[in-house]
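S.K.: Dumping the structure here so I can ask a few things about it.
Any read-out appearing in this document is the output of simple, stated calculations on the displayed coordinates, not a laboratory observation. Model, not experiment: these values are computed from the prediction. Cβ placement follows ideal geometry from the backbone for every residue including glycine, while neighbour counts extend to all protein chains displayed.
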Amino acid sequence: MTDLSCQIAGVSFKNPIVMASGTFGFGKEYGAIYDINQLGGLSGKGLTLHPKAGNEGVRVAETASGMLNSVGLENPGIHAFLREECPRWEQLDLVRIVNLGGNTIEEYVEGARLIDEDAAWRRREGRTAVDMIELNISCPNVKAGGMAYGIKTEIARQVVREVRAATTLPLIVKLSPNAEDIVGMAVMCQEEQADGVSLINTFSAMKIDISKRRSVFENLYAGLSGPAIKPIALRMVHQVCQAVTLPVMGMGGISSAEDVVEFIMAGAAVVQVGTHNFVHLRAGEQLIAGLTAWMQAEGVQTLDEIRGIL
């Protein structure tokens, strides 16, 4: 019998298909289209300690084989999430991941502490709403002129170290492809006792409105995602998997079951699916069915048989 199950940091996923942060909300809207409990997991909309209105102007634009986004982490804030979304998350039968951002280390740490306290309270009540934290270190460091925490390894180290100390939940660090040394960044995460890494986040990119003679986006640059970045993402996942023993969540342009298989063969424990959700609203369901069919056709019983075979 085909077994799609996976595990990261003692957390069991029924299959390797996880919806990526920022592309699936908190699951409610897609849950009205298909049964999202089929999924292995869900990384919710990126959260910050305080609510954020997001960026002004154009937020999304199409490009060849992908899309650009400059949403600006619009979100209701952690307090509202814990109060309004967690009761519904308790009812979900999949791995629930909070994607945590921040503009200062203090914001990261306070956010992690609040999530951890809420998780501990629910456990005492025999309930669970959050299974792990995904730490988004691509946020701008307001004390360092806006440069993202995830660019330089030693700056990122302090965030990872302090958030690790603030929570007992499994901690996955989301790495930026714009890092000076993404392999070194992953090694640092392992040294600082993270439970895993996810990669990659979007690439910094640009689109120009030639009629207006200006960038399409108010912030000039935006994040590139979609099939265009898949070969680069796959290479980075493979490099990181060769360098660390941490489990890896691979992502970047996944749009078919074959793409999922490639990332697993490169060493990923599970994968995250983002832009494809906007192209096919039932993407998760389709990918699970496609992966099952591929394994059956190839006589693969478990994903461990092909994981990291390169």
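S.K.: Tell me, what is the percent relative contact order of the stretch 156-310, built from C-alpha pairs under 8 Å that lie six or more residues apart?
M.R.: Worked out over the stretch 156-310, it gives 18 percent.
S.K.: Excluding residues on the same chain fewer than 8 positions from Lys207, give the aspartates and glutamates whose Cα lies under 17 Å from its Cα.
M.R.: Glu56, Glu62, Glu218
S.K.: For the stretch 29-120, treating each Cα as an identical point scatterer without solvent, what Debye log10 I(q)/I(0) comes out at q = 0.13, 0.26 1/Å?
M.R.: Scattering profile of the stretch 29-120, log10 relative to I(0): -0.55, -1.28.
S.K.: Please list the radius of gyration and Dmax for the stretch 1-155, considering alpha-carbon atoms only, with Å as the unit.
M.R.: For the stretch 1-155, the Cα radius of gyration and maximum Cα-Cα distance read 16.5, 54 Å.
S.K.: Among Arg213, Arg59, Arg96, whose mean-square fluctuation peaks in a Gaussian network model of the chain (Cα, cutoff 10 Å)?
M.R.: Residue with maximal mean-square fluctuation among Arg213, Arg59, Arg96: Arg213.
S.K.: Here's another thing I want to ask about it. Grab the DSSP H runs of the chain that are 4 residues or longer, score each as -39,500 (n - 2.57), total them, divide by all residues and round the 222 nm result to the nearest 500 deg cm²/dmol.
M.R.: Details: 9 runs with 95 residues, N = 310.
About -9000 deg cm²/dmol.
S.K.: Nearest 20 debye, what's the magnitude of the dipole of the stretch 81-121 about its Cα centre given +1 on Lys and Arg Cβ and -1 on Asp and Glu Cβ?
M.R.: That gives the stretch 81-121 a dipole magnitude of about 120 debye.
S.K.: When only alpha-carbon atoms count, how far does the stretch 66-201 stretch along each of its three principal axes, as whole angstroms with the largest first?
M.R.: Extents along the principal axes: 43, 33, 29 Å.
S.K.: Divide, for the stretch 263-310, the radius of gyration over alpha carbons by 2.2 N^0.38 Å, where N is the residue count.
M.R.: Relative to the rule-of-thumb radius for its length, the stretch 263-310 sits at 1.25.
S.K.: For the stretch 192-310, with only Lys/Arg (+1) and Asp/Glu (-1) charged at the beta-carbon, what is the dipole magnitude about the Cα centre, in debye rounded to 20? Can you show the working numbers first?
M.R.: Working: 8 positive and 11 negative charges, 142 e Å.
It comes to approximately 680 debye.
S.K.: Which residue fluctuates the most in the chain, going by a Gaussian network model with Cα springs under 10 Å, if the choices are Ala186, Ala268, Ala222?
M.R.: Fluctuation is largest for Ala222.
S.K.: Whole Å is fine, so just give me how far the alpha carbon centre of the stretch 1-54 lies from that of the stretch 211-232.
M.R.: What the calculation gives is 25 Å, centre to centre.
S.K.: Using a cut-off of 12 Å between alpha-carbon atoms, which aspartates and glutamates can reach Lys52, once sequence neighbours fewer than 8 places away in the same chain are excluded?
M.R.: Glu74
S.K.: Report, as a whole number in µm² per second, the diffusion coefficient that Stokes-Einstein gives for the chain at 10 °C and 1.306 mPa s using the Kirkwood radius over alpha carbon pairs.
M.R.: The calculation lands on 82 µm²/s.
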